[in-house]
Amino acid sequence: MKRWDLIVIGTGLAGLTAARTAAEAGARVLVVGRGIGSLALFGNSIDVLGEVPPGVNLDAGVSDWIGTHPGHPYARTGWEGIAEALVAFQELFPSPYRFVAAGLTNSLVPTGTGTLRPTYLLPITMRAGAGLVAEETLVVGFRGFKDFQGDTVSLHLKCRGVNISLPRYGLEGLTALALARLMDEEPFRKSLGEAIRGQKAGEKRIGLPAILGLCDPAAVLEDLEGVIGARVFEIPMLPPSIPGLRIFNRFRERLIAKGATFLMGNPVTGVTVKGGRCEGIRVCNPPLETEYRAEQYILATGRFLGGGLWAEMDRIVEPVFHLPVSQPAGRGDWFRERFFQPEAHPIHAAGIATDRSLRPSGEGGAPLLTNVRVAGSILANHQSIEEHSREGIAIATGYRAAQEALKA
Amino acid sequence: MTPATEPRNPARTLPDLCVRCATCMAVCPVARVTPRFPGPKQAGPGAQRFRSAAEASVDDWIELCTACRLCDTACPAGVPISELNLLAKAKFLDERGRGLRDWLLVRSDLFGELAARYSRFVNPLLQNRTVRWLLDRTLAIDRRRMLPPYEYPTFRKWFADRQAPESAGRPRIAYFHGCFTNTNEVDVGKAAVALLEAAGFTVTVPPQRCCGIPRLGVGDLRGAREMGQRNLSLLLPTVREGTDLVFSSTSCGMMLRHEYGPLLNLPGAQELAVRLFDICEFLVRRQEENDAAVRFKPLPRKVAYFTPCHLRALNIGLPALELLRLVPGVEVAMLDTECCGLGGLYGFRKEKYPISEEIGKGLKKEVGRLDPDTIVTDCEGCRMQLRALTGREVLHPVQLLRDALAEG
Ligand code: SF4
Ligand code: SF4
């Protein structure tokens, strides 16, 4: 039976980062995902720590934050660890479709509901949305395209908005993916650009739903900007996320080129643990259950949506290794009074506690499994939604987990 | 591999597993080219909530699902989307009835032997414009679709007639060739036999019938069960004597391994599944375990590898790619576009031909960009479609590997 150096469970950003880090270091890597992973849902830009206000340098801001949040996943990597992992991430996206920051600080970019959100690394297709000025901005939606409400966006951003249709192409009823594929075709995007130019009233920046192509977004951007005569930016919208799929595809391409094997679509249904070590995992594709073995394992299965955490009536469990989950004392403490309120719900800080090397730890901090590491949003003690730290945690801990696993 | 110990989850076909995340919409090849198909999220779990056995089906778009299963591989919640679609399609077509065309198309295994015997007369007819026009008009088999020519002698005849090599003391391996190899792509079978013999086996070819997947394509569950039952009675004696069985056709393999048991609930399916392997999967494993494994000579060739959807559904990674990488001089690029668009017999149907062609468009462009010497893919459907799209040489991986076998 084949033995792998590393098995990564989870195909979100954390798992992919871990797998790539190991594969590029020469390890034989197997990636197992129950589905395509969270990038297809909401991968857009790379948040690191939105709590740090724009204008304040992220290195100092994050280091201060770690000082007051010693249990946070970032405390395991420090700013240096985050920075190193981010550079590696950026290297995966060479010119022209790059990820860039506005210096060493957060930018504010529009969301699909027209609010502004702090984020750090932006794909170049979103760069012109940073620091937009309402009077100079036009938001363009497509008639009959349900996943992007241009009117809501422009209303909240207090800028002008239009909805256009391109009857020749029958835009009505098309999915985001269909639109992105059409954008990859030069004649389509040029005629769309012309239609937008016809609607422009001197605006300098044009916001579009995030569908600027799947294969060659940089060329789409360049062509649109050329035809329209203004800067163009993508605004995130309802899932599936086209920018997230670009990230996923790029990772997958690199991983396969590096000889990694991808298993997607079936859950891990069991693990074999002996003497504090994981000896194998089982993946079930009915009617077969297949065992895979490796020296090292990384658990990056995400939170509730990805199936990394599971809420039973009275407690939260981790279904793969049955690791203890750091969580509020009882169900009554999971949520605050109202759904929307500024303070985070305690349930969102639930997750897996680890030692310094990201191994799952129990009471007293001793590692429970010596060859298993945990990465990404399944980790305990962060509030990634409110902190705007989701991708940063995934990249930094995925990178670190792989390094630790290779060292072991 | 061991049989799954856990009983089949009774909630499998319940639509409530779906969390409405729309991930599946990111991969469905049909939904991205036509708004007439609502996409996996809606066609599968969405519509399932409104279906009832007692009421007539209203899903007149359900036939547009190609059963590629990509949605299943992407869904994070484990919704058996394509199975829901298949069951809905079966009900819709049971009620509406199936035409003469479907009756004929799914029985191609019955007249295949005969057509091969008289291929000298049949092949020119299949190319004849008047005949194609007639088929198009009377049976709605699209005249633009290339019909694969028949070959004689068939694989079975070649195998029975040949001078078998000295084989005393060698382990036995059984080969499931499938209909297409037998009557239309005999060289694939010859190559499979050559590779297995080079790997040190005595090859046997047990009696076998069409796997029945064409019946599933028209939602004929009863017909598929019958085919399955017949095959099981023919194949089980082989696996019961302890001989493993390999297949070279991805879709036949998926049918035998994953539909006989979980979907069709056929007795003995499990016994077959645990001894059934994709030929490249089997050879990779052999390569890992055995020092005296197959050796390859240099074969300078620029190859583009395409991943069939049903290979993704088998969820065994990319074993053909692993083998191709062992051949010195072979340079492999990935054609990582999802789905070629043929969908088995789907792409032969006049009303679906444009969808099939539209799905394949991206693939054609990608081939043009890579400009390989040879295209390689495991599934005969993908090979047919790729030949039609590009006019280039398209091989099964075993054919290329056979050409690279080192002598002696
Ligand atoms: S099986 Fe394929 S065509 Fe059918 S819904 Fe799923 S992804 Fe779409
Ligand atoms: S079927 Fe699966 S992927 Fe599709 S919307 Fe439902 S949960 Fe999401």
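The values are calculated or read from the model by the stated rules, or taken from the named source; none is laboratory data. The model shown is predicted, which means the values in this text are computed figures rather than measured ones. A quick note on method: Cβ atoms are made from the backbone with ideal geometry, for glycine too, and the neighbour counts reach across all protein chains shown.
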Inset, instruction - Please report, ordered by residue number, the helices (runs of 4 or more DSSP H) entirely within the stretch B:212-258 with at least 3 residues that are free of Cβ contacts under 8 Å to residues at least 24 places away in the same chain and not hydroxyl-bearing (Ser, Thr, Tyr). - result: B:221-240
Legend entry - Positions within the stretch B:47-75 being under 18 Å from B:Pro29 (Cα atoms) and within 15 Å of ligand 2 (Cβ to nearest atom), in sequence order: B:Cys65, B:Cys68, B:Arg69, B:Leu70, B:Cys71, B:Asp72, B:Thr73, B:Ala74, B:Cys75
Legend entry - B:Ala194 being in a strand (DSSP E or B) and under 24 Å from B:Asn290 (Cβ atoms): no
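Pick out, from the stretch A:74-186, the helices (runs of 4 or more DSSP H) lying fully within it that include 1 or more residues that are within 27 Å of A:Glu386 (Cα to Cα) and among the aromatic types (Phe, Trp, Tyr). Even if it seems obvious, please write down each step before you answer.
On the way: elements: A:74-91, A:150-157, A:176-183.
The qualifying helices (runs of 4 or more DSSP H) are A:74-91.
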Legend entry - Tally of residues being under 26 Å from A:Thr119 (Cβ atoms) and in a helix (DSSP H, G or I) across the stretch A:354-408: 21
Inset, instruction - Please indicate, with yes or no, whether at least one residue in the stretch A:69-79 is in contact with a Lys or Arg (Cβ under 8 Å, 6 or more places away or on another chain), modelled with pLDDT of 95 or more and more than 25 Å from A:Gly244 (Cα to Cα). - result: yes
Inset, instruction - Tally the residues that are of a type in the set (A, V, I, L, M), crowded, with 23+ Cβ neighbours inside 10 Å and facing chain B (nearest Cβ under 10 Å), restricting the search to the stretch A:264-282. - result: 0
Inset, instruction - With respect to B:Ala26, determine if the residue is within 10 Å of chain A (Cβ to nearest Cβ), surrounded by 24 or more Cβ atoms within 10 Å (Cβ to Cβ) and either within 9 Å of ligand 2 (Cβ to nearest atom) or at pLDDT 95 or above (or both). - result: yes
Inset, instruction - Search the stretch B:29-62 for residues being of a type in the set (Lys, Arg) and within 10 Å of ligand 1 (Cβ to nearest atom), and hand back the single one that is modelled with the lowest pLDDT. - result: B:Arg32
Legend entry - Matching option when the condition is more than 11 Å from chain B (Cβ to nearest Cβ), buried (at least 24 other Cβ atoms within 10 Å of the Cβ) and in contact with a Ser or Thr (Cβ under 7 Å, 6 or more places away or on another chain), among A:Ala14, A:Ala18: A:Ala14
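Across the stretch B:10-23, what is the total count of residues that are in contact (Cβ under 8 Å) with a residue 60 or more places away in the chain and away from ligand 2 (no atom under 12 Å from the Cβ)?
Adding up the residues that qualify gives 2.
Can we say A:Glu194 is away from every other protein chain (no Cβ under 14 Å) and free of Cβ contacts under 8 Å to residues at least 40 places away in the same chain? Steps first, please.
Working: away from every other protein chain (no Cβ under 14 Å): yes; free of Cβ contacts under 8 Å to residues at least 40 places away in the same chain: yes.
Against the criterion (away from every other protein chain (no Cβ under 14 Å) and free of Cβ contacts under 8 Å to residues at least 40 places away in the same chain), A:Glu194 qualifies.
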Legend entry - Failed item in (1) aromatic (Phe, Trp, Tyr); (2) modelled with pLDDT under 95; (3) surrounded by fewer than 20 Cβ atoms within 10 Å (Cβ to Cβ), with A:Phe93 passing the rest: (2)
Inset, instruction - Being in a strand (DSSP E or B) and among the aromatic types (Phe, Trp, Tyr) is the filter; apply it to the stretch A:233-263 and report the residue that is farthest from the other protein chains (Cβ to nearest Cβ). - result: A:Phe233
Inset, instruction - Could you check how many residues of the stretch B:385-408 are surrounded by fewer than 16 Cβ atoms within 10 Å (Cβ to Cβ) and within 20 Å of the chain's Cα centre (by Cα)? - result: 2
Inset, instruction - Tell me, please, whether a residue that is without any contact (Cβ under 8 Å) to a residue 12 or more places away in the chain, in contact with a strand residue (DSSP E or B) (Cβ under 9 Å, 6 or more places away or on another chain) and not assigned by TED's automatic domain parsing to the domain that holds B:Cys252 can be found in the stretch B:345-361. - result: no
Inset, instruction - Kindly establish whether A:Glu289 is assigned to a strand (DSSP E or B), crowded, with 18+ Cβ neighbours inside 10 Å and charged (D, E, K, R). - result: yes
Inset, instruction - Would you be able to say whether some residue in the stretch B:33-44 is basic (Lys, Arg) and either assigned to a helix (DSSP H, G or I) or crowded, with 23+ Cβ neighbours inside 10 Å (or both)? - result: yes
Legend entry - Qualifying residue in the stretch A:165-181 (condition: more than 12 Å from chain B (Cβ to nearest Cβ) and either charged (D, E, K, R) or under 28 Å from A:Arg20 (Cα atoms) (or both)): yes
Inset, instruction - Inspect the stretch B:102-125 for any residue being of a type in the set (Lys, Arg), more than 16 Å from ligand 2 (Cβ to nearest atom) and surrounded by 18 or more Cβ atoms within 10 Å (Cβ to Cβ) and give the result as yes or no. - result: no
Legend entry - the stretch A:381-408: number of residues that are in contact with a helix residue (DSSP H, G or I) (Cβ under 8 Å, 6 or more places away or on another chain), of a type outside the set (Phe, Trp, Tyr) and surrounded by 19 or more Cβ atoms within 10 Å (Cβ to Cβ): 17
Inset, instruction - Among residues belonging to the stretch B:63-80 that are away from every other protein chain (no Cβ under 11 Å), near ligand 1 (Cβ under 9 Å from one of its atoms) and farther than 10 Å from B:Ala313 by Cβ, point out the one that is surrounded by the fewest Cβ atoms within 10 Å (Cβ to Cβ). - result: B:Leu64
Inset, instruction - Filter the stretch A:203-230 down to residues that are more than 22 Å from the chain's Cα centre (by Cα), in a loop (DSSP other than H, G, I, E, B) and not small (Gly, Ala, Ser), then give me how many there are. - result: 2
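Conditions tested, residue by residue: (1) surrounded by fewer than 18 Cβ atoms within 10 Å (Cβ to Cβ); (2) free of Cβ contacts under 8 Å to residues at least 40 places away in the same chain.
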position: B:Leu264; (1), (2): no, no
position: B:Val284; (1), (2): no, yes
position: B:Glu288; (1), (2): yes, yes
position: B:Val294; (1), (2): no, no
position: B:Pro300; (1), (2): yes, yes
position: B:His310; (1), (2): no, no
Inset, instruction - For B:Leu86, state whether it is surrounded by fewer than 24 Cβ atoms within 10 Å (Cβ to Cβ), under 19 Å from B:Ile213 (Cβ atoms) and within 16 Å of ligand 2 (Cβ to nearest atom). - result: yes
